[in-house]
1. Looking at 59, 30 in this structure, which one is open to solvent by 10 Å² or more (accessible area, probe 1.4 Å), in contact with a strand residue (DSSP E or B) (Cβ under 8 Å, 6 or more places away or on another chain) and closer than 18 Å to residue 11 by Cα?
2. Pull up the stretch 1-26, narrow it to residues that are aliphatic (A, V, I, L, M) and part of a strand (DSSP E or B), then point me to the one that is nearest to residue 73 (Cα to Cα).
3. For the stretch 89-99, check the following and say yes or no: at least one residue is out of contact with any Pro (no Cβ under 9 Å at 6 or more places or on another chain) and not in a helix (DSSP H, G or I).
4. Identify all residues within the stretch 189-209 that are touching a Phe, Trp or Tyr at 6+ places or on another chain (Cβ under 8 Å), β-branched (Val, Ile, Thr) and open to solvent by 30 Å² or more (accessible area, probe 1.4 Å); write none if there are none.
5. Within the stretch 162-173, can you find the residues that are more than 22 Å from residue 2 (Cβ to Cβ) and either of a type in the set (D, E, K, R) or open to solvent by less than 40 Å² (accessible area, probe 1.4 Å) (or both)?
6. Is it fair to say residue 50 is of a type in the set (A, V, I, L, M, F, W, C), open to solvent by 20 Å² or more (accessible area, probe 1.4 Å) and farther than 18 Å from residue 179 by Cβ?
7. Spot the failing condition for residue 125; the list is (1) open to solvent by less than 20 Å² (accessible area, probe 1.4 Å); (2) at positive phi; (3) more than 17 Å from the chain's Cα centre (by Cα), and only one is missed.
8. Looking at the stretch 100-112, which of the residues that are open to solvent by 10 Å² or more (accessible area, probe 1.4 Å) and assigned to a loop (DSSP other than H, G, I, E, B) is farthest from residue 276 (Cα to Cα)?
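The values are calculated or read from the model by the stated rules, or taken from the named source; none is laboratory data. Only a predicted model underlies this, so the values are computations on that prediction, with no experimental measurement involved. We place every Cβ from the backbone using ideal geometry, glycine too, and count neighbours over all the protein chains shown. We work out accessible area using only protein heavy atoms, side chains counted, and drop any ligands, DNA or RNA first. Shrake-Rupley method; radii C 1.70, N 1.55, O 1.52, S 1.80 Å.
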Amino acid sequence: MSTPAWFDRALAHTPETCRVRVDGVDISYLAWGRVGAPGLVFVHGGAAHAHWWSFLVPLLADSYRIAAMDLSGHGDSDRRSEYPMSGWTAEVMAVADDLGAAGSPVVVGHSMGGFVAIATGATFGQDLAGIVILDSPVSAPDPETDAARGGKVFGPLRTYPDLETALGRFRTVPEQEHYLPYVIDHVARHSLREVDGGWSWKYDPDIFVPTRAESRELLARVGCRVALFRAEHGLVTPEIGQYMYDQLGRVAPVVEIPEAGHHLMLDQPLLLLTALRTLLADWEHSSPRTR
């Protein structure tokens, strides 16, 4: 499979593989960039993992100290007996503290990870430079949890006899019209682990059991800068985007990524990267407006 130069360049940045202990379990994260640079912490969606970012965010490592983390119950992090939102926010802050970045970090969260970013900003806003919410529809359940509770996907983990069979079963929730094939292959390969009898998914199905905190209430309590990115063909409709803008005091930018589906890093990664670079450059040289 042929791959473009930017993708090869990103993967050429070999990450540091790090672990930090949080409330009795090990949390895994990947790190790039110079210790002492401004910090970015990237948080994946439900049933996803750090490698949803590892093909793209290393391209920011010239300017930032970057972490892409696995929340507990995901990827290469340990599992817990239960997964309250407060536990995940503590993990985000532990990774940020362990990363070795200068000053307060920016937390970037996609889908369910966007709700984690909102909760982190509501609880630890004074310790953050900002949060960026990527297509997380505050006014409806996140799509992964909604699908899991409806019994559509994310049931008991299946074991597949070989890697190629397992790769052929990889799906995103929700599915979308377009993916970059080399990106989806990269993400799928890092979604699996070898187990007795074959290959299975890394996530814990119990991540979808808890009832999450009400994001609409948390959004108004975020104590740091906020930006909302919506995918043109994603879950944050213009109406939901307007609602979130109003909840944020009408001072937070709402940025549309054109031609993108909900999983915007899988179909429009360079547009997402450009939008992030632009936003972060503005935040470094401007003062926030109060609500």
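1. Values: 59 fails: in contact with a strand residue (DSSP E or B) (Cβ under 8 Å, 6 or more places away or on another chain).
Answer to the selection: 30.
2. Filtering first and then ranking leaves 25.
3. No, the conditions are met nowhere in the stretch 89-99.
4. Within the stretch 189-209, 209 is the sole residue that qualifies.
5. Selection gives 162, 166, 169, 171, 172, 173.
6. Judged against the criteria, residue 50 is not a match.
7. (2)
8. This residue is 100.
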